[in-house]
Amino acid sequence: MENETQIKSHYLAPLKKFFSDVGRLVQFITAFFREVFLPPYEMNELARQSYAIGCRSLPLVGITGFIMGLVLTIQSRPTLVQFGAEAWLPAMVTVSIVREIGPVVTALICSGKVGSGIGAELASMKVTEQIDAMEVSGVNPFKYLVVTRVLSTTLMVPVLVIFSDVIALYGSYVGVNIKGDVNFRLFLSQVIEKLDFSDVMPAFAKTFFFGFAIGIIGCYKGYYSNSGTEGVGRSANSAVVLSSLLIFVIDMIAVQLTSLYYND
Amino acid sequence: MESISNIYIPSEGLQLPGDERVVEIKDLHIAFGSTKVLRGLNLVLHKGENLVVMGKSGSGKSVLIKCMVRLLDADKGSIEMFGKDIEQVDRDELNEMRKKMGFLFQSAALYDSMTVKENLEFPLRNEKNLAEAEINKRITEALENVGLREAANKMPSELSGGMRKRIGLARTLIMKPQIILYDEPTTGLDPVTAREISELIVKVQSKYETSGIIITHDLECARITSNRVVMLKDGKCYAEGTFDELRGSDNKWVHSFFE
């Protein structure tokens, strides 16, 4: 009997906690979709958050994008040279960046920078009773804090991905010219020639889901943070871990759906 | 005097500013898991009085005032304010009732990302009828009341503990509340600043004719601010009286707080 109780507490308790967390997250997402359409609309805060999330991430996303394009080009060249397909280098790198590497790497960077920031900020507001203070002053903290941040990440991550892709392609152009001599116009024409609608649109569409995942997980972890400074750190950390994981899951689903639709 | 069962009642009668009841709490119960915090608490707040609530840590003092603004939902019982049971009202009505109440948090809970002025403006954001000039007038008046007019453009991180509490109080005053709930207003402050905050609470009470519930462990604060003191024990009101009555009490438990 005692053994049975031990087994229950050992195996069932974490399972119960997992399902309870999933249930609460679903409720949180439902609350977001309910509040997002109801007035009042916090446009000023939305603009402020979009600026903070979008503009302030530009340098980091730009630098990593440039390095991503440069390194991918340098690493791919020897293999393509071996097969006598060096001329395919710009096209191969372009398709890789636009379809997969650009969106995923940019989303992961945003998850680390923006997701952890949102998680830590809301958790610290929770710990210092700022969210309670909003609530008692008659302002809906969910609408003011959560809806604006989730909308901002959903709208800004796609913009950051486009920016990162463009910079990465410039990095690729630099990489091509380290051991070769291709002028920019030729490089650009090769890039545009090899890009299809089926490369660009599905890749662009999934970035909205990446942004939503980063925002909602960051907010969820911060909003339900446990009390204490330890809880702030844990919220920031788990926001990054969970949103990064979700980015890969969304990517996997998006790739499957795209290949089904286009019969790749 | 309010007659509440199972409590120690001091011998002398109380001099209250008014008899009109602005808050009436009946048989309030709340538990967190298996821990019962409030177990049938009864309490009355009269118009214009400052009621100090004292008790051991974990006796449910802060839980009580959080139930009053519905930051926590009680398991059982009723809290009547402005003629309505706060446990029964819908979200819109609750927000309207909250506008008539101020809440000074223990940490002041100023919004870190906003200046002092923006902190004060924040509760007024849903007041569409207020003109810009009226908002500025209210902000200036609230800052003058707490003696910090020059702090309008400072960030909360630039303020001392006492200044943060004052700004927190100014933020509650901006909505011109009828009831103010103070959660340990002098905790973490030096004796001089703590006294200034206590005197400010009395000044606010007399100037705006507010009623207040003050949660505190600070005897000096209780002495300065209270018209009446209630002591909580085992989730219920155990004793009530004026500060001097309770201090002079021969009840061992009550007396131990004033030693």
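The values are calculated or read from the model by the stated rules, or taken from the named source; none is laboratory data. Only a predicted model underlies this, so the values are computations on that prediction, with no experimental measurement involved. Ideal geometry is used to build each Cβ from the backbone, glycine not excepted, and the neighbour counts take in all protein chains shown. For accessibility, only protein heavy atoms count, side chains too; no ligands or nucleic acids. Shrake-Rupley method; radii C 1.70, N 1.55, O 1.52, S 1.80 Å.
Out of (1) under 14 Å from A:Ser172 (Cβ atoms); (2) open to solvent by less than 40 Å² (accessible area, probe 1.4 Å); (3) free of Cβ contacts under 8 Å to residues at least 40 places away in the same chain, the odd one out for A:Ala85 is which?
Result: A:Ala85 passes all but (1).
Being surrounded by 16 or more Cβ atoms within 10 Å (Cβ to Cβ) and either in a strand (DSSP E or B) or within 14 Å of chain A (Cβ to nearest Cβ) (or both) is the filter here, so list the residues in the stretch B:66-77 that pass it.
Scanning the stretch B:66-77 gives B:Lys66, B:Cys67, B:Met68, B:Val69, B:Arg70, B:Leu71, B:Leu72, B:Gly77.
Are there any pairs with C-beta distances below 8 angstrom linking a residue in the stretch A:3-23 that is within 22 Å of A:Asn226 (Cα to Cα) and touching a residue at least 60 places away in the same chain (Cβ under 8 Å) to a residue that is aliphatic (A, V, I, L, M) and part of a helix (DSSP H, G or I), with the two at least 6 apart or on different chains, and if so which?
Sorted first by the residue in the stretch A:3-23, then by its partner, the list stays empty.
Given the options B:Leu110, B:Leu130, B:Leu124, name the one that is more than 8 Å from chain A (Cβ to nearest Cβ), touching a residue at least 40 places away in the same chain (Cβ under 8 Å) and not polar (S, T, N, Q).
B:Leu124
Could you check the stretch A:87-142 for helices (runs of 4 or more DSSP H) lying wholly inside it with 1 or more residues that are of a type in the set (Val, Ile, Thr) and more than 14 Å from every other protein chain (Cβ to nearest Cβ)?
Working: elements: A:89-96, A:102-110, A:116-127, A:130-136.
So the answer is A:89-96, A:102-110.
Of all residues in the stretch B:172-216 being away from chain A (no Cβ under 14 Å), in contact with a strand residue (DSSP E or B) (Cβ under 8 Å, 6 or more places away or on another chain) and open to solvent by less than 10 Å² (accessible area, probe 1.4 Å), which is nearest to B:Leu143 (Cα to Cα)?
B:Val204
Scan (1) in contact with a helix residue (DSSP H, G or I) (Cβ under 7 Å, 6 or more places away or on another chain); (2) within 14 Å of another protein chain (Cβ to nearest Cβ); (3) buried (at least 17 other Cβ atoms within 10 Å of the Cβ) for the single condition B:Asn95 breaks and write down its number.
Condition not satisfied by B:Asn95: (1).
Run A:Gly117 past the list (1) touching a residue at least 40 places away in the same chain (Cβ under 8 Å); (2) buried (at least 17 other Cβ atoms within 10 Å of the Cβ); (3) more than 30 Å from A:Gly138 (Cα to Cα) and report the number of the one that doesn't hold.
The single condition A:Gly117 does not satisfy is (3).
Listed here are the residues, each with its yes/no results for (1) surrounded by 20 or more Cβ atoms within 10 Å (Cβ to Cβ); (2) within 14 Å of chain B (Cβ to nearest Cβ); (3) at pLDDT 95 or above.
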residue: A:Val146; (1), (2), (3): yes, no, yes
residue: A:Arg149; (1), (2), (3): yes, yes, yes
residue: A:Val161; (1), (2), (3): yes, no, yes
residue: A:Val166; (1), (2), (3): no, no, yes
residue: A:Gly171; (1), (2), (3): yes, no, yes
residue: A:Ile178; (1), (2), (3): no, no, no
residue: A:Glu193; (1), (2), (3): no, no, no
residue: A:Ser198; (1), (2), (3): no, no, no
residue: A:Met201; (1), (2), (3): no, no, no
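Which of the residues belonging to the stretch B:115-155 are assigned to a loop (DSSP other than H, G, I, E, B) and either under 24 Å from the mean Cα position of the chain (by Cα) or among the polar types (S, T, N, Q) (or both)?
The answer is B:Thr115, B:Arg125, B:Asn126, B:Glu127, B:Asn129, B:Val146, B:Gly147, B:Leu148, B:Asn153.
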